[in-house]
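K.L.:
Quick one: the structure is below, and I'll ask about it shortly.
The values are calculated or read from the model by the stated rules, or taken from the named source; none is laboratory data. Because the structure is predicted, anything quoted here is derived from the model rather than measured. Cβ placement follows ideal geometry from the backbone for every residue including glycine, while neighbour counts extend to all protein chains displayed. Ligands, DNA and RNA are stripped out before the accessible areas are found, and what is left, the full protein with its side chains, is counted by its heavy atoms. Shrake-Rupley method; radii C 1.70, N 1.55, O 1.52, S 1.80 Å.
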Amino acid sequence: MKLTPATVTVGEDHDWERSRPGPDSGRVAILVDALGRTDPVVCELIADQLGNFWSSGGRDGVGRLAEASTTVQIAKDSIGGMITDPRAIKRLVAEMGGSNACTRRVAGKLLGQSAVTTAQLNTLLSDPSANVREAAALAAGNRDHHDVIPALERALDDRSPAVAAMAAWALGENENHASVPALLKFVRAGDPRVRLAAIWALGQTEDARAVSEIVATLRDPNPAIRRMSADVLGDFEKRDAVAPLERALGNDSDPIVRAEAASSLGQISSPASGPALGRALSDADVTVRRAAAEALGDLDELRSAPSGLVSSLSSTDPELRYHAAKALASIADPATTTALVGILSSTDAELRKDAVEALGKVGTPAAVHAITNALTDRDPEVRKAAAEALGEIKDS
């Protein structure tokens, strides 16, 4: 593999990462070599953080140990910056053909935040080595390399499923609507890994043209495909997906699919999904019940709270109790006044505040009495919410 590094220039994007000087070739070599020798778990942990960098601490060292080396902190922070050193780019390119999957991943992610040119990435995406092509697609997805999109679309047909899947992921990261037709070809058939990446990528674009194709995969025999589809359909927020998601919620044999369907119905926020989500509160799997309770709180203009929400307040599962309380407060159904008053005894101040606001919407004498008692709550935000709720009731 031969690649001559071109003269690199920094583009016009002046975000904080690009404005920060990146590591030179020496620092890149030290990092990659060290990660190649260390425990694989440590390497993957570092790889996960690349691209998610934050500054070393607060102003003037606040939040850092007194003996922490300033020199080390500066060097560490540089790794989150824009790499412009041609020798550093050459070192990363060389690592992309290596046998260590983690250091190849690190090299791809760092190359993505470098001043690598479109011509260089196109060359790498057509390299004879599948490892190099896969890492190049990873690099293309770690920065908005829009000029590489045609090459990524061609890579969807790569003979290596790993390369095709990474190309689909990179197209999703770029969120380019022009790539939707290319991605749609891989939704219903082909290697499962490529299909999963294509469905995920289409969810990133939120392009309505993909909805019907993804809905069709909710009946796919592969549960992983159904899980991904149920998850991403919520991103489109299209009512066309409501009925298929409700069927998946009620009938799919996989609890993860059912939970993802519930969450997506919450994202779409159609009040018509109230009954289906209400039935899901009695699902055998607690993860599904949690997702259904949370989704019910997200529905627009839902006036009547399913009875399962009230009974969920006495669940042995604390997360389910929390989501049920939040949903009841969001719905503010007068029929659940007693349950809302009960939430005022919760140890969670946020839940008490939500209950006060919900009781303010209810406005019945029992609600007013409970809000009045909340004026002496130990939390100032709850007391403030109580005062505001009483003021709104008086005004109305």
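K.L.:
Taking only Cα atoms of region 133-292, what ratio of Rg to Rh do you get with Rh as the Kirkwood inverse-distance radius?
P.N.:
On the Cα set of region 133-292, Rg over Rh gives 1.02.
K.L.:
With just the Cα atoms defining each centre, how far is region 62-100 from region 201-216? Give it in Å.
P.N.:
That distance is 38 Å.
K.L.:
Over the chain, with every protein chain in place, what whole percent of the accessible area is carbon and sulfur at 1.4 Å, could you tell me?
P.N.:
Carbon-and-sulfur percentage of accessible area, whole number: 51.
K.L.:
Using the Cα centre of the chain as origin and beta-carbon charges of +1 (Lys, Arg) and -1 (Asp, Glu), tell me which of G112, L328, N176 is placed farthest towards the positive end of the dipole.
P.N.:
G112
K.L.:
Write down the accessible area per residue of the chain in Å², having rolled a 1.4 Å probe over the full set of protein chains.
P.N.:
On a per-residue basis, the chain sits at 48 Å².
K.L.:
From the convex hull of the Cα coordinates of region 313-396, what is the mean projected area in square nanometres?
P.N.:
Result: a mean projected hull area of 4.8 nm².
K.L.:
Could the peptides 320-329, 307-316, 337-346 be put in order, highest first, of the mean number of other beta-carbon atoms found within 10 Å of their residues?
P.N.:
Averaged packing, sorted descending, gives the order 320-329, 337-346, 307-316.
K.L.:
Still on this structure, I have one more. With r as the distance between the Cβ atoms of D157 and V41 and R0 = 30 Å, compute the FRET efficiency 1/(1 + (r/R0)^6) and round to 0.05.
P.N.:
0.30
K.L.:
Under 14 Å from the Cβ of A201, count the other residues' Cβ atoms, weight Lys and Arg +1, Asp and Glu -1, and hand me the total.
P.N.:
Charge balance near A201 sits at -4.
K.L.:
Taking the alpha-carbon centroid of each part, what is the distance from region 361-396 to region 248-309 in angstrom?
P.N.:
If you average the Cα positions of each part, the centres end up 30 Å apart.
K.L.:
Given +1 on the Cβ of Lys and Arg, -1 on the Cβ of Asp and Glu, and no further charges, what dipole in debye does the chain carry about its Cα centre, rounded to the nearest 20?
P.N.:
That gives a dipole near 700 debye.
K.L.:
Between rounded, prolate and oblate, where does region 95-135 land on the alpha carbon gyration tensor, with a ≥ b ≥ c its root eigenvalues, rounded for a/c under 1.5, else prolate if a/b exceeds b/c?
P.N.:
Oblate, because a/c is 1.5 or more while a/b does not exceed b/c.
K.L.:
Under the 0.36 nm per residue contour assumption, what length would be gained going from the current alpha-carbon distance of R219 and S25 to full extension?
P.N.:
Additional length available on full extension: 64.8 nm.
K.L.:
Taking springs between alpha-carbon atoms closer than 10 angstrom, which of L45, L196, L92 fluctuates most in the Gaussian network model of the chain?
P.N.:
Checking each option, the largest mean-square fluctuation is seen for L45.
K.L.:
If you build a Gaussian network model of the chain, linking Cα atoms that sit under 10 Å apart, which residue out of V362, V132, V163 swings the most?
P.N.:
V362
K.L.:
Output needed for region 226-333: three equivalent-ellipsoid semi-axes, defined as square roots of 5 times the C-alpha gyration tensor eigenvalues, in descending order, whole Å.
P.N.:
Semi-axis lengths for region 226-333 are 20, 16, 10 Å.
K.L.:
When only alpha-carbon atoms are used, what values of Rg and Dmax, in angstrom, describe the chain?
P.N.:
Radius of gyration, then largest Cα-Cα span, for the chain: 26.2, 80 Å.
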